[in-house]
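Input: a single structure, listed below in structure tokens.
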Amino acid sequence: MAVNEAAYKGIVDALAPAGVTLVAVSKIKPAADIQALYDLGQRDFGENYVQEVMEKQAVLPADVRWHFIGHLQSNKVKYIAPFVHLIHGIDSEKLLAEVNKQAKKNNRVIDCLLQVHIAREETKFGLDATELDALLQKVVTEQAQWANIRICGLMGMASFSEDNEQVRSEFAFIHGLFKQHQPVTAPNCMLSTLSMGMSGDYKMAIEEGSTMVRIGSLLFGRRDYQQ
Ligand SMILES: *Cc1c(COP(=O)(O)O)cnc(C)c1O
């Protein structure tokens, strides 16, 4: 079976009372798997690759909410700007400026999360606490220039580690930043979403204040990148 229906129902039942949103991460998986979960009621899907999300968006129902959760290159923003629901991985002012520009061209406002670097791995992307502070200040003080984006929250990926206390402290760190910046509100900035937690660590992420989890392999099975 391509989609684990029992796991899906279990996760939905666990998240609903906590008010946590499930983003089903469907990267590398065929459109038929997305359709199967859609038929069970799922609407939020997460994708990492521009070409792939464009192809899927073209063939799947129009009310799917497409979350872009991968590392986004500025020169590819234009391809997803017409339809993307939420961009999770904003990690520079340059990228945010391009999203703002492409959103304007499409006559819309695009919701964004700022990605915070919390993991120990150098390879993971994201803003540090100082950069986050600077970018939020900029968006709020220069509102007229940033009218086509809305900062809705923060996103983080914990270290890929067996050390639970390390992972927990990383989630706690980003939650602290989230709380710290929540008083900053403007028409284009209101932090209400905290996107953290994947198949292996989502329960801990929720305990540490996550409001949106991104789950792939528990729902769709292992990913085979060879296919
Ligand atoms: C692939 C991916 C996920 C889902 O990972 P699983 O371990 O399969 O749940 C979540 N977030 C991001 C950013 C990803 O790239």
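Gln115 falls short on exactly one of the conditions (1) surrounded by 15 or more Cβ atoms within 10 Å (Cβ to Cβ); (2) at pLDDT below 95; (3) not hydrophobic (A, V, I, L, M, F, W, C), and that condition is (2). Within the set Ala7, Ala16, the sole residue that is more than 16 Å from the ligand (Cβ to nearest atom), surrounded by fewer than 18 Cβ atoms within 10 Å (Cβ to Cβ) and part of a helix (DSSP H, G or I) turns out to be Ala16.
With respect to Thr185, determine if the residue is open to solvent by 10 Å² or more (accessible area, probe 1.4 Å) and either at pLDDT 95 or above or in contact with a Ser or Thr (Cβ under 7 Å, 6 or more places away or on another chain) (or both). It is false that Thr185 is open to solvent by 10 Å² or more (accessible area, probe 1.4 Å) and either at pLDDT 95 or above or in contact with a Ser or Thr (Cβ under 7 Å, 6 or more places away or on another chain) (or both).
Here Leu194 meets each of (1) over 17 Å from Leu96 (Cα atoms); (2) of a type outside the set (Val, Ile, Thr); (3) open to solvent by 40 Å² or more (accessible area, probe 1.4 Å); (4) part of a strand (DSSP E or B) with one exception, condition (3).
Restricting the search to the range 205-223, which residues are more than 12 Å from the ligand (Cβ to nearest atom) and modelled with pLDDT under 95? Hits for the range 205-223: nothing passes.
Cβ-Cβ contacts under 7 Å between residues 6 or more apart (or on different chains), taken from a first residue in the range 143-168 that is outside any loop (DSSP other than H, G, I, E, B) to a second residue that is open to solvent by 70 Å² or more (accessible area, probe 1.4 Å), are listed as Gln143/Pro187; Cys152/Met190. Is it the case that the range 53-63 has a residue that's touching a helix residue (DSSP H, G or I) at 6+ places or on another chain (Cβ under 7 Å), of a type outside the set (Gly, Ala, Ser), open to solvent by 30 Å² or more (accessible area, probe 1.4 Å) and closer than 20 Å to Asp224 by Cβ? The answer is no; no qualifying residue exists.
Filtering the range 65-96 to residues that are open to solvent by 10 Å² or more (accessible area, probe 1.4 Å), in contact with a strand residue (DSSP E or B) (Cβ under 9 Å, 6 or more places away or on another chain) and away from the ligand (no atom under 16 Å from the Cβ) leaves Phe83, Ser92.
Here Gly200 meets the list (1) in contact (Cβ under 8 Å) with a residue 40 or more places away in the chain; (2) within 14 Å of the ligand (Cβ to nearest atom) almost entirely, failing just condition (1).
All of (1) within 18 Å of the chain's Cα centre (by Cα); (2) open to solvent by 40 Å² or more (accessible area, probe 1.4 Å); (3) in contact (Cβ under 8 Å) with a residue 60 or more places away in the chain hold for Ala2 with one exception: (1).
The values are calculated or read from the model by the stated rules, or taken from the named source; none is laboratory data. Owing to the predicted nature of the structure, the values given are computational and were not obtained by experimental measurement. As a convention, Cβ positions derive from the backbone with ideal geometry for all residues, glycine included, and neighbour counts pool all protein chains shown. Just so you know, the surface numbers come from the protein's heavy atoms only, side chains and all, with ligands and any DNA or RNA stripped out. Shrake-Rupley method; radii C 1.70, N 1.55, O 1.52, S 1.80 Å.
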